[in-house]
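Comments concern the structure below.
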Ligand SMILES: CCCCCCCCCCCCCCCC(=O)SCCNC(=O)CCNC(=O)[C@H](O)C(C)(C)COP(=O)(O)OP(=O)(O)OC[C@H]1O[C@@H](n2cnc3c(N)ncnc32)[C@H](O)[C@@H]1OP(=O)(O)O
């Protein structure tokens, strides 16, 4: 996936719509919902990098810069920033395309560390196959 707005060096990994069921008591979208979309995107990107299953070991440097509103399209961009023996650091930028407009705002960013695991859930080398 890609689009004309893709941040330099990143890939559009996930797009989805923010729905009323995802709101908090104030009417904005839950940060936890945004984080779960980031986790899915990180897993997709990391799974593709190692051709296998990965799990999230850490979610670091998460910054919620602006609220997400009902009707916004959430665009989750990823880059594989570092590859270790069994782990990968996935840099994530989330942008909101505001409902019914062409306005796009950066809403959240983070770095997730994903670990490649074998069928027993134990770490395995990223480049094992
Ligand atoms: C039919 C079915 C179809 C299925 C189709 C599936 C489709 C796909 C869908 C995806 C769906 C979404 C999925 C989301 C992903 C989850 O949400 S996964 C759920 C949440 N995560 C977990 O439950 C993980 C729980 N933790 C663990 O199981 C273990 O800690 C782990 C991750 C296996 C690591 O085990 P360990 O023995 O502690 O590993 P260790 O050797 O010490 O360290 C491993 C690596 O982690 C690094 N590390 C250790 N601690 C840290 C730390 N605090 N910070 C950063 N790095 C660290 C180490 O440096 C090392 O890296 P390398 O130097 O090898 O590169």
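The values are calculated or read from the model by the stated rules, or taken from the named source; none is laboratory data. Every value quoted in this text rests on a predicted model; they were computed, and no experiment measured them. Counting neighbours? That spans all protein chains shown, and the Cβs are built from the backbone with ideal geometry, glycine included.
Looking at residue 79 and the list (1) more than 15 Å from the chain's Cα centre (by Cα); (2) under 20 Å from residue 125 (Cα atoms); (3) touching a residue at least 12 places away in the same chain (Cβ under 8 Å), which single condition is not satisfied?
(1)
Applying the selection to the range 8-52, what residues are assigned to a loop (DSSP other than H, G, I, E, B) and surrounded by 15 or more Cβ atoms within 10 Å (Cβ to Cβ)?
10, 18, 28, 30, 52
Of the residues that make up the range 7-21, is at least one on the phi < 0 side of the Ramachandran plot and at pLDDT below 95?
So far as the range 7-21 goes, yes, one or more of its residues are on the phi < 0 side of the Ramachandran plot and at pLDDT below 95.
Residue under question is residue 91, and the condition is that it be surrounded by 15 or more Cβ atoms within 10 Å (Cβ to Cβ), away from the ligand (no atom under 12 Å from the Cβ), at pLDDT 95 or above and over 12 Å from the mean Cα position of the chain (by Cα); does it hold?
Spelling it out, it is not the case that residue 91 is surrounded by 15 or more Cβ atoms within 10 Å (Cβ to Cβ), away from the ligand (no atom under 12 Å from the Cβ), at pLDDT 95 or above and over 12 Å from the mean Cα position of the chain (by Cα).
With respect to residue 17, is the statement that it is within 16 Å of the ligand (Cβ to nearest atom) and under 27 Å from residue 102 (Cα atoms) true?
Criteria not met by residue 17.
Name every residue in the range 1-36 that is in contact with a helix residue (DSSP H, G or I) (Cβ under 7 Å, 6 or more places away or on another chain) and farther than 19 Å from residue 110 by Cα, in order of residue number.
Passing the criteria: only 22.
Being in a strand (DSSP E or B) and either within 13 Å of the ligand (Cβ to nearest atom) or buried (at least 23 other Cβ atoms within 10 Å of the Cβ) (or both) is the filter here, so list the residues in the range 53-75 that pass it.
Within the range 53-75, 54, 55, 56, 57, 58, 59, 60, 61, 74, 75 qualify.
Which is farther than 16 Å from residue 11 by Cβ and either in a strand (DSSP E or B) or away from the ligand (no atom under 12 Å from the Cβ) (or both), of 78, 108?
Going through 78, 108 in turn, just one is farther than 16 Å from residue 11 by Cβ and either in a strand (DSSP E or B) or away from the ligand (no atom under 12 Å from the Cβ) (or both): 108.
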